[in-house]
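**Student:** Right, I'll just put the structure down here and ask away after.
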Amino acid sequence: MLELLVVIAIIGVLSSLAVGRYQDYIISSNRHAAQTRLLMAQQAMERYFLRANTYVGAALPALDPNEPYVLAFAAGFPTATTYQISARQTGLPDLDCGTLSINETGQRFSTGALPLGDCWR
């Protein structure tokens, strides 16, 4: 009976470690997908600017509703010559990097606890 309890305790510890690692993997994967979508949105904004000579009136590309994040313009953007696009996670919270953003010059931002270089790879 004691051996069974020890085995159950070991299985519990191992499964809790595995679930934590899996969640870290999902968050990291979602972060990389958000970076890709931000770069694609940046390209769409630049194409719009080439045609219209302004960012005003530009729309962000539509995302699949099942995506684990939402793209949006930062408050006050876009203007005629500037924009900032943010990707906010809607699923598991990314406490390390928070909301990722990019602007018209390619400057990248994050609101999380990790340094910018660790969030944008």
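**Student:** Checking Arg31 against (1) closer than 25 Å to Trp120 by Cα; (2) out of contact with any helix residue (DSSP H, G or I) (no Cβ under 9 Å at 6 or more places or on another chain), only one condition comes out false. Which one?
**Tutor:** Every listed condition holds for Arg31 apart from (2).
**Student:** Can I ask one more? Go through region 69-98 and give me each residue that's in contact with a helix residue (DSSP H, G or I) (Cβ under 9 Å, 6 or more places away or on another chain), at pLDDT 95 or above and of a type in the set (S, T, N, Q).
**Tutor:** Thr81, Ser86
**Student:** Of the residues that sit in region 73-92 and are over 21 Å from Val56 (Cβ atoms) and either among the small types (Gly, Ala, Ser) or touching a residue at least 24 places away in the same chain (Cβ under 8 Å) (or both), which one is surrounded by the most Cβ atoms within 10 Å (Cβ to Cβ)? Can you show your working first?
**Tutor:** To start, the set of residues in region 73-92 that are over 21 Å from Val56 (Cβ atoms) comprises 87-92.
Retained after the next criterion (residues that are either among the small types (Gly, Ala, Ser) or touching a residue at least 24 places away in the same chain (Cβ under 8 Å) (or both)): 87, 89, 91-92.
Numbers: Ala87: 27, Gln89: 20, Gly91: 12, Leu92: 12.
The extreme case among them is Ala87.
**Student:** I would also like to ask the following. Out of Gly117, Gly112, Gly106, which single residue is exposed (fewer than 14 other Cβ atoms within 10 Å of the Cβ) and in contact with a helix residue (DSSP H, G or I) (Cβ under 8 Å, 6 or more places away or on another chain)?
**Tutor:** Numbers: Gly117 fails: in contact with a helix residue (DSSP H, G or I) (Cβ under 8 Å, 6 or more places away or on another chain); Gly112 fails: exposed (fewer than 14 other Cβ atoms within 10 Å of the Cβ).
The unique qualifying residue is Gly106.
**Student:** From the set of residues in region 49-62 that are buried (at least 16 other Cβ atoms within 10 Å of the Cβ) and among the hydrophobic types (A, V, I, L, M, F, W, C), which is nearest to His32 (Cα to Cα)? I'd like the intermediate steps shown before the answer.
**Tutor:** Initially, region 49-62 is screened for residues buried (at least 16 other Cβ atoms within 10 Å of the Cβ), giving 49, 55, 58, 60.
Imposing the further condition that a residue be among the hydrophobic types (A, V, I, L, M, F, W, C) reduces the set to 49, 58, 60.
On the way: Phe49: 26, Ala58: 24, Leu60: 18 Å.
That would be Leu60.
Here's the yes/no breakdown for (1) touching a residue at least 40 places away in the same chain (Cβ under 8 Å); (2) basic (Lys, Arg); (3) touching a strand residue (DSSP E or B) at 6+ places or on another chain (Cβ under 8 Å):
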position	(1), (2), (3)
Glu3	no, no, no
Asp24	no, no, no
Ala34	yes, no, yes
Leu63	no, no, yes
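**Student:** Then there is this: Go through region 45-68 residue by residue and tally those that are touching a helix residue (DSSP H, G or I) at 6+ places or on another chain (Cβ under 9 Å) and of a type in the set (Ser, Thr, Tyr). If you could, list the steps in order and put the result at the bottom.
**Tutor:** Residues of region 45-68 touching a helix residue (DSSP H, G or I) at 6+ places or on another chain (Cβ under 9 Å): 54-55, 57-61, 63, 67-68.
Next, only the ones that are of a type in the set (Ser, Thr, Tyr) stay: 54-55.
Total satisfying the criteria: 2.
Each row is one residue, and each column tells you yes or no for (1) among the small types (Gly, Ala, Ser); (2) modelled with pLDDT of 95 or more.
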site: Leu5; (1), (2): no, no
site: Ile10; (1), (2): no, no
site: Leu17; (1), (2): no, no
site: Asp24; (1), (2): no, no
site: Asn30; (1), (2): no, no
site: Met45; (1), (2): no, yes
site: Asn53; (1), (2): no, yes
site: Ala62; (1), (2): yes, no
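**Student:** Hey, among the residues in region 106-121 that are part of a loop (DSSP other than H, G, I, E, B) and at negative phi, which one's modelled with the lowest pLDDT? It would help to see each step written out before you state the result.
**Tutor:** Our first condition is that a residue be part of a loop (DSSP other than H, G, I, E, B); within region 106-121, this holds for 106-107, 111-115, 120-121.
Now narrow it down to the ones that are at negative phi: 107, 111-115, 120-121.
Working: Gln107: 97, Thr111: 94, Gly112: 92, Ala113: 92, Leu114: 93, Pro115: 94, Trp120: 92, Arg121: 80.
Going through the qualifying residues, I end up with Arg121.
The values are calculated or read from the model by the stated rules, or taken from the named source; none is laboratory data. As the structure is a computational prediction, the values presented were derived from the model and not from experiment. Positions of Cβ are generated from backbone atoms using ideal geometry, with glycine treated the same way; all protein chains shown enter the neighbour counts.
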